[in-house]
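Note sheet for the following structure.
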């Protein structure tokens with residue numbers, strides 16, 4: 001056993017010695033930026049120190065020193081192998097701690113919010129029947145439920161149903177009018193069409209304005225990543241102005257112009273279908289049609305638009 005340990009130690013020493021000599025003779029030893037050189041130098045001196053220590057431990061005529069050398073070799077290897085699992089464990093602990101944090105200070109709201117977070121529709125219905133109606137007044141619970149349904153990927157259908165349960169129990173969007181940004185903006189920004197549709201059906205304003213970026217909600221939907229086409233269509237069908245304006249670096253732009261800049265030609269077709277004015281969307285003196293024709297020459301389909309979208313748009317602006 002000791003012989004195997006000794007052989008293994010000397011193999012590691014030989015490899016380490018080779019790396020140290022190779023680094024010392026390398027013509028690029030001083031290359032790279034200051035930070036890179038500093039890190040490289042530190043590792044170089046660390047390797048020299050490790051080489052010296054291992055040599056001393058293996059040259060001493062004691063069994064314990066050779067075992068100690070083996071332990072010094074094994075520790076960094078074991079750490080390298082175990083570290084990913086340690087990080088995973090730390091993340092899990094952090095998630096557990098985050099989950100344990102209270103959502104609301106009020107115990108009744110806390111209990112209902114946790115049912116919403118877990119997508120427990122039947123339990124939420126049952127719990128609502130046994131609590132007072134005070135939860136409806138300030139809208140905290142409804143706002144939380146809408147945020148969960150808009151953002152969370154865990155049980156999204158159930159969380160959407162939880163929002164409907166709150167509406168059925170008497171919650172209204174009027175309780176959220178005090179918010180700086182209308183509650184349906186996240187759904188439009190994310191492209192979450194089912195949530196946006198539910199909120200529009202319950203009175204959300206299709207022309208709501210984003211005060212910080214100074215633009216109507218329709219512009220948020222244009223950049224959505226889940227179901228942008230469905231969200232744009234929903235807003236337009238509920239009365240959004242297809243020729244609304246926003247200011248970008250001092251330039252006034254329409255939804256059609258912004259959609260074209262993002263090369264989301266399918267959205268352009270929807271906007272035209274719903275009344276967008278192509279004469280108000282141009283680029284450097286080009287008409288909208290010339291703009292689309294030029295971009296169509298080098299068009300590459302992606303997850304949000306296709307060749308068929310371009311052809312449909314060109315047919316609409318003949």
How many residues are surrounded by 10 or more Cβ atoms within 10 Å (Cβ to Cβ) and modelled with pLDDT under 75 if we restrict to the stretch 1-32? 4
Does any residue of the stretch 302-317 turn out to be touching a residue at least 60 places away in the same chain (Cβ under 8 Å), closer than 19 Å to residue 232 by Cα and surrounded by 13 or more Cβ atoms within 10 Å (Cβ to Cβ)? yes
Verdict on residue 102 being at pLDDT below 85, surrounded by 11 or more Cβ atoms within 10 Å (Cβ to Cβ) and either within 24 Å of the chain's Cα centre (by Cα) or not assigned by TED's automatic domain parsing to the domain that holds residue 199 (or both): yes
Given the criterion modelled with pLDDT of 80 or more and on the phi < 0 side of the Ramachandran plot, identify the matching residue among 68, 35. 68
Of these, 234, 222, which one is surrounded by fewer than 23 Cβ atoms within 10 Å (Cβ to Cβ) and at pLDDT 95 or above? 234
Has the stretch 278-298 got at least one residue that is outside any loop (DSSP other than H, G, I, E, B), surrounded by 13 or more Cβ atoms within 10 Å (Cβ to Cβ), in contact with a strand residue (DSSP E or B) (Cβ under 6 Å, 6 or more places away or on another chain) and in the same structural domain as residue 227 (by TED's automatic domain parsing)? yes
Can you say whether residue 61 is farther than 23 Å from residue 14 by Cα and modelled with pLDDT of 80 or more, as far as the supplied structure shows? no
Selection within the stretch 54-71 - without any contact (Cβ under 8 Å) to a residue 60 or more places away in the chain and in contact with a helix residue (DSSP H, G or I) (Cβ under 7 Å, 6 or more places away or on another chain): 54, 55, 57, 58, 65, 68
If I go through the stretch 187-219 residue by residue, how many of them are in a helix (DSSP H, G or I), over 16 Å from the mean Cα position of the chain (by Cα) and surrounded by 15 or more Cβ atoms within 10 Å (Cβ to Cβ)? 11
Among residues of the stretch 237-259 being assigned to a helix (DSSP H, G or I) and out of contact with any helix residue (DSSP H, G or I) (no Cβ under 7 Å at 6 or more places or on another chain), the residue modelled with the highest pLDDT is 237
Name the one entry in 202, 184 that is in contact with a helix residue (DSSP H, G or I) (Cβ under 9 Å, 6 or more places away or on another chain), free of Cβ contacts under 8 Å to residues at least 60 places away in the same chain and not assigned by TED's automatic domain parsing to the domain that holds residue 299. 184
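The values are calculated or read from the model by the stated rules, or taken from the named source; none is laboratory data. Because the structure is a prediction, the values reported are computed rather than measured. In this analysis, Cβ positions are derived from the backbone assuming ideal geometry, glycine residues included, and neighbour counts consider all displayed protein chains.
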